[in-house]
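Please read the structure below before turning to the comments.
The values are calculated or read from the model by the stated rules, or taken from the named source; none is laboratory data. Computed from a prediction, not measured in an experiment: that's the story for all the values here. We place every Cβ from the backbone using ideal geometry, glycine too, and count neighbours over all the protein chains shown. The protein model used for the area step is the full one, side chains on, heavy atoms only, and it has no ligands, DNA or RNA in it. Shrake-Rupley method; radii C 1.70, N 1.55, O 1.52, S 1.80 Å.
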Amino acid sequence: MIKAVLFDFDGTLLDRYASVEKFIHSQYNRFIQYFDHIPQDKYTTRFIELDAHGYVWKDLVYQQLIKEFQITKISWKHLFNDYVDNFKDSCIPFPHLYTMLEELQKKEFRLGMITNGFGQFQMNNIEALGIKSYFDTILISEWEGCKKPYPTIFRRALMHLNVVARESIFVGDHPVNDIKAAQSVGMVAIWKKSDQFKHVEAEFVLEDLSHLPRLIEKIKKNGTRDRNGFNF
């Protein structure tokens, strides 16, 4: 019996690529007096490359941008602080996020989120999407003192939801931090398909958030005997 559904945030619920692109365009325009010697598309492309899908923190990204583009009239710290303060205003959800969460909530699933990142920064982004109230528990690695893929944070989330692993599904986009980590504690893992990764060994593959409630019903009915990358 499936009682709980847990999610990753970046790349699963938040369309991080679209959000970063929107933010960088906004930041470029805010500080254009310092960037007028840099084409906007070049600045945007280089930021996204250095960001490495969010796995390089932005202090290093901005230091490198300052160096490469010879930006002299504004500091990397100023740009970094602007990112921390204003990224939330550029957050874009994946399609069908809200209807999916509403449907799961109506079906009385317990909902959780586990995300790596800095506590207040991630919570600001979650609140910006307007989804905090859907979740019974939200664990952010900085505040928890542990992070994915370590099992502690998964077990803690299960404890908060008062369920055991076999009663739970985890949905995420990263093959190690989300899929293998959830499987290692005994959860059913659903890979939210991403162009960033290939050949992810998940029980099921989710291409659109709107398909998730139907997929969960299939799992409840058939168990995981239809596993091995079943697309939905």
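Per-structure values
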| quantity | calculated |
| --- | --- |
| Cα-centred dipole magnitude for the chain, charges only on beta-carbon of K, R (+1) and D, E (-1), debye, nearest 20 | 600 |
| Additional length obtainable on full extension of the chain from residue 184 to residue 18, 0.36 nm per residue less Cα span | 56.7 nm |
| Solvent accessible area, Å² - residue 102, 1.4 Å probe, full protein context | 80 |
| Charge-dipole axis of the chain as Lys and Arg at +1 and Asp and Glu at -1 on Cβ define it, positive-most pick from 1, 157, 131 | 1 |
| Normalised contact order of the chain, rounded percent, pairs of Cα under 8 Å and 6 or more residues apart | 22 |
| Sparse-neighbour loop sites [chymotrypsin sites (Phe, Trp or Tyr not before Pro); the range 175-224; at most 16 other C-beta within 10 Å; DSSP] | 197 |
| Förster-model FRET efficiency, 30 Å R0, residue 218 and residue 55, C-beta, rounded to 0.05 | 0.35 |
| Residues residue 26 and residue 63, FRET efficiency given R0 of 35 Å [Cβ-Cβ distance, rounded to 0.05] | 0.95 |
| Unsatisfied cross-links (Cα-Cα over 20 Å) in the set 88/132; 132/193; 193/218; 132/221; 42/67; 198/220 | 132/193; 132/221; 198/220 |
| Extended-chain gain in nm, criterion 0.36 nm per residue less alpha-carbon gap, residue 70 and residue 89 | 4.1 nm |
| Selected from 116, 125, 29 as most flexible by GNM, with the chain as the system and alpha-carbon contacts under 10 Å | 29 |
| Helix-only CD estimate at 222 nm, as mean residue ellipticity for the chain, using -39500 (n - 2.57) per DSSP H run (n ≥ 4) | -13000 deg cm²/dmol |
| Separation of the residue 118 and residue 210 label points, Cα + 7 Å toward Cβ, nm | 3.6 |
| Cβ charges +1 (Lys, Arg) and -1 (Asp, Glu), total dipole of the range 1-86, debye | 140 |
| The range 84-187: chymotrypsin sites (Phe, Trp or Tyr not before Pro) in DSSP coil with no more than 14 other Cβ atoms inside 10 Å | 118 |
| For residue 42, solvent-accessible area (1.4 Å; no DNA, RNA or ligand), Å² | 120 |
